[in-house]
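For reference, the structure is listed below as structure tokens.
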Amino acid sequence: MKKASMQIKFEGQSHQIDSNTLINSLIHYNTIIAESNKELSGGSKFISVNINALKEGSFVIDLSLAENALLSVFSNDGIQYLSGFVTVITGVFGAYKVLKGKPAVTESEKKDIISHLDIKGNDVTINNSIINIYNQPVVREAISKSIETADSDPNVEGVSIKGKEGSKPVIFTKDEFKDLIYVDFDKEDERPQEIDEIVDASLTIIGLSFEKGAKWQFLYNGFKIGMIVKDDALMRRINEGDRFGKGDSIKVKMKITKSFNPNYNAYENKSYKIIEFIDHVLAPKQDNLF
């Protein structure tokens, strides 16, 4: 069994909390962990949550996240997955603290979340996962209810969630509990049907055609995407004489148009467009063997 840990601490001077506070909070935390694992692994991994004995005085709960050993054949990166998983969970709580339960819809809101997170290397995949999971209503509602539960216990003066060793904890204090309880989920139906996201992207060319209106195929973050090259920045470079081949990479600013899917309560990618061309990296040439 591969394991990683995170800590949830109930702050207080009396060194005791109501048993219902603990039980209800754990139910909500389990929901957050289950939904996060579903999003991150796509169902390929099972995470069991083990509650270690409470430490005297500070009521620290160690959540041991163990990948099911039977499924470890699907991946050789179990430790990396669990480490990233803990980082994402902590980041989701951090996102909640920034937006106070409201969904992150605009680019400004997403950037505000990322700028407040303590993630070394500014990993794009982890950042996107944090925002996608945070935007799920069931996750934000579980965090809101966990804060409401803590607020109802006079012995709890704050809650902190800490991920990997050396990382900064996300802290919710008693005086901000009321402001962090979010109840406007019914109003979120007014969200826009489409949103645009501008990203820095590295695209590997896997299929190209210079016929008018033809689609080019790229690899982006490990996924195949297609886009019609006609009036964007890449087309302008082609017209200026740049020569592109399969296996070449291009660094660009890309607009991703996302449409809201009510079945998932989330936005999914609909189309892509290159809006700024930054660099062209030629595919490495193989040496002749003879």
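We did not get these values from a lab; they are worked out from the coordinates using the rules stated. Quick caveat, the model's predicted, so the values are computed rather than measured. Neighbour counts run over all protein chains shown; Cβ positions are idealised from the backbone, glycine included.
What the table shows:
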| quantity | calculated |
| --- | --- |
| The range 192-229-the range 170-186 distance, computed between alpha-carbon centres (Å) | 39 Å |
| Other-chain or far-sequence residues with amide H under 5 Å of Lys270's (modelled H) | Thr257, Lys258, Ser259 |
| 3J(HN,Hα) from dihedral phi, the range 156-169, Karplus parametrisation 6.51/-1.76/1.60, rounded to Hz, x for glycine, proline | 9, 9, x, 9, 10, 10, 10, x, 5, 4, x, 7, 7, x |
| Full-extension gain in nm, Lys253 to Lys270, via 0.36 nm per residue minus C-alpha separation | 4.4 nm |
| Relative contact order computed over the range 171-290 (Cα-Cα under 8 Å; 6+ residues apart), in percent | 26 percent |
| Protection proxy ranking, peptides 124-136, 272-284, average beta carbon neighbours within 10 Å, highest first | 124-136, 272-284 |
| ³J(HN,Hα), Karplus 6.51/-1.76/1.60, whole Hz, each residue of the range 255-261, x for Gly, Pro | 9, 9, 8, 10, 10, 7, 9 |
| Estimated vicinal HN-Hα couplings, Hz - the range 219-227 in sequence order (Karplus 6.51, -1.76, 1.60; Gly, Pro = x) | 9, 10, 6, x, 10, 7, 9, x, 8 |
